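Chemist: Dropping the structure in here first, questions after.
What follows is calculated from the coordinates using simple rules that are stated; it is not laboratory data. Small disclaimer: the values here were computed from a predicted structure and weren't measured. So basically every Cβ, Gly included, is an ideal-geometry build from the backbone, and we count neighbours across all protein chains shown.
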Amino acid sequence: MIESLHIENLGVIEAADLQLSPGLTALTGETGAGKTMVLTSLGLLLGQRAEAAVVRTGSERALVEGEFIISPSSRAAARAAEAGAELDDDLLLASRTVPATGRSRAHLGGRAVPSTVLADVGARLVSVHGQADQLRLRSASAQRAALDGLGGPSHAALCRRYAEAYQVRTAAAAALEQWHAGAEARRAEAEDLRRWLGRLEELAPEPGEDAALTVEAERLDHAEDLRRAAATARTALAGDEEAGTGDVPDVTALIAAADRALSHVADVDPALTALAARLHRLGIVSADLAGELAEYLASLDADPARLAWVQDRRGELARACREIGGPDTRLDDVDALLAWGEAAAARLDELEGPHGAAADLSAALASAEDELSALASELSAARRLLAERLQDAVNAELAGLEMKEARLVVDLQPRDEPGPTGAETVALLLVSHPGAPALPLGKGASGGELSRIMLALEVVLADAAAGGAEQGEPAAESMHHRRTLIFDEIDAGVGGRAAREIGRRLARLARRHQVVVVTHLAQVAAWADTQLVVLKERTTGDAQFPDTPPDYEPDRPAVRTRVVTVTGTSRIRELARMLSGHEDSEAALRHAAELIDEAHVAQSQS
């Protein structure tokens, strides 16, 4: 709720401080005194567009500051926190500065914020019902919310279950559609996999084959050089058998001669014995090397045909690594190619195997649609009952608000298929008089009538909430949870009796919400817990109310406008002025006092 407002240099208001009642606050004053500017200040705090024209003539800027009492756990507090605002316990400070030239600035909880943040937070705290602010009532979502709000927490839970079921159905339908949409892509993927796996099967590579072929290709490509080097080494070790001569000494023969020379004296000296053993082992190693070199020479193949085949095979394997799997697949060698083949075979089995994905998705969708259909029927039946209750209750209220011939009609139209909020649209229509067609509220009612219809709706919903609280359902009665409802021009075109009923209903509504009403009728203002008077400060004249601040002088030409709280005698004189135009009329003063007494008695008995 709004605890206070501070206004500077806004239109005709030079400076004003307003302390609003937690219950019903009436804002009164002469026509042209500046009541509209008070509503404008509230609009600025609620994020409405700022016009430089609202700045008081001769001033550099206009300033509006407000203090909101909110619950730290509320959605409004959460939205403010998202914007970086800080709460002082349960107090949220908001301000809006409008310069004579340039852009306006908004602050929330000590942090500069866009005006849209003020609008987001304000929408959760304040509802304005006036000549220019009835778009909320005209929106389909607000009308559906008004109907659903009559059902209390149990109906709200049903609405949530339906919304969740709708989301589940939507997700199931999207999953099945996505599966069908991907059928062609899966078919193409399977075709590619079959083609690549068939090529891999024909190629039949062995693990590590490409590395082995690389080694073989190197050997075949340098066969003569390898043969020459191996033959020379063998000859050096074991001699040239083909030459048939022993003239050229070889390593094996020389080591054998050295071994024989030491063998006769090896036992004489232990040091020589160790050397003889090492020399003997060297002879064995050299003989083994000579034999292995001979085997290598025997195995060395210099066949050009084999070399050509090896090079062709290496090319096939390299092309397979580049092409199989597509351009997005990188295969560095044959081992990676074989690993890809195993994964591709598993994926092909997944795509073509009996996995039943389509059947599972179809079954999930059918189950979700059954659940949604059942909840849609339950919600529709509940809304039909609520529609009858809302019509009867609002029409009963309208009868006492000078709209006896008017009748509210709650029109429920079935949708072609269930939507996110139900299987029907909700429209509030107004029959202005018997025989007249039922028209949307925006077309069938004036601004004042819309305000009264909204008052009737708010009263009915508040009474329903109170009834729910009596049955153990949660109620929001603390100041933290009080929503602020502002009614402007609600008494347009009504007489005294209807005005009393408007005041009575505003007072009823104020038991559960903070209510601010801008009124010209004393019969409405008399029901207020707090009455604020928008008045003009004068430059000449003497008349003042006995216990009113010196600036309250209703009979004298205006120079500037201020806002004061009137109580006691001052309030009676203000109500008398509203009744007769003369605050000194004895009859008007008696009537004003009677109105206040009547309101006090009625509220004490309710």
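Chemist: Which one of Ala277, Pro327, Gly239 has its Cα pushed farthest toward the positive end of the charge dipole of segment 209-332, where Lys and Arg give +1 and Asp and Glu give -1 at the Cβ?
Modeler: Ala277
Chemist: Which whole-number percentage describes the relative contact order of the chain, with Cα contacts under 8 Å and a sequence gap of 6 or more?
Modeler: It rounds to 20 percent for the chain.
Chemist: Using only Cα atoms, what is the ratio of the radius of gyration of segment 209-332 to 2.2 N^0.38 Å?
Modeler: Dividing the Cα radius of gyration by 2.2 N^0.38 Å gives 1.72.
Chemist: Please compute the volume of the convex hull spanned by the alpha-carbon atoms of segment 480-538 and report it per residue in Å³.
Modeler: 95
Chemist: Taking just the C-alpha trace of the chain, give me its Rg and Dmax in Å.
Modeler: Cα only, the chain: 48.4, 159 Å (Rg, Dmax).
Chemist: For the residues Glu352, Glu67, Glu184, what sequence is obtained by ranking on other C-beta atoms within 10 Å, fewest first?
Modeler: Lowest count first: Glu184, Glu352, Glu67.
Chemist: If you don't mind, another one. What does the helix-only formula give at 222 nm for the chain: each DSSP H stretch with n ≥ 4 adding -39500 (n - 2.57), the total divided by the residues, and the result rounded to the nearest 500 deg cm²/dmol?
Modeler: -18000 deg cm²/dmol
Chemist: Ranked highest first by the average count of other Cβ atoms within 10 Å around their residues, in what order do 160-171, 87-98 fall?
Modeler: Ranking, from highest mean packing down: 87-98, 160-171.
Chemist: While we're on this one: In segment 324-384, which trypsin sites (Lys or Arg not before Pro) fall in coil by DSSP and have 15 or fewer other Cβ atoms within 10 Å?
Modeler: When the trypsin sites (Lys or Arg not before Pro) of segment 324-384 are filtered for loop state and at most 15 Cβ neighbours within 10 Å, Arg330 remain.
Chemist: Taking the alpha-carbon set of segment 5-72, what are its Rg and Dmax in Å?
Modeler: 12.6, 40
Chemist: Next question. Please list, short to long, the whole-number percent of alpha-carbon pairs of segment 71-187 in consecutive 10 angstrom bins beginning at zero.
Modeler: Bin by bin from 0 Å, the calculated values are 11, 23, 26, 21, 13, 6, 1.
Chemist: Helix 35-45 versus the longest principal axis of the chain: what is the Cα-based angle in degrees, 0 to 90, to the nearest 10?
Modeler: Once rounded, the angle reads 10 degrees.
Chemist: Classify segment 359-448: rounded, prolate or oblate, from the alpha-carbon gyration tensor (a ≥ b ≥ c, eigenvalue square roots; a/c under 1.5 rounded; otherwise prolate if a/b is larger than b/c)?
Modeler: prolate
Chemist: In a Debye calculation with equal point scatterers on the alpha-carbon sites of segment 149-220 and no solvent, what is log10 I(q)/I(0) at q = 0.13, 0.20, 0.24 Å⁻¹?
Modeler: Log10 I(q)/I(0), no solvent term: -0.70, -0.92, -1.02.
Chemist: Using the Cβ atoms and a cut-off under 12 Å, what net charge is assigned to the surroundings of Thr421, where Lys and Arg are +1 and Asp and Glu are -1?
Modeler: +2
Chemist: If you average the alpha carbon positions of segment 488-502 and of segment 46-66, how far apart do those two centres end up, in angstrom?
Modeler: Segment 488-502 and segment 46-66 have Cα centres separated by 31 Å.
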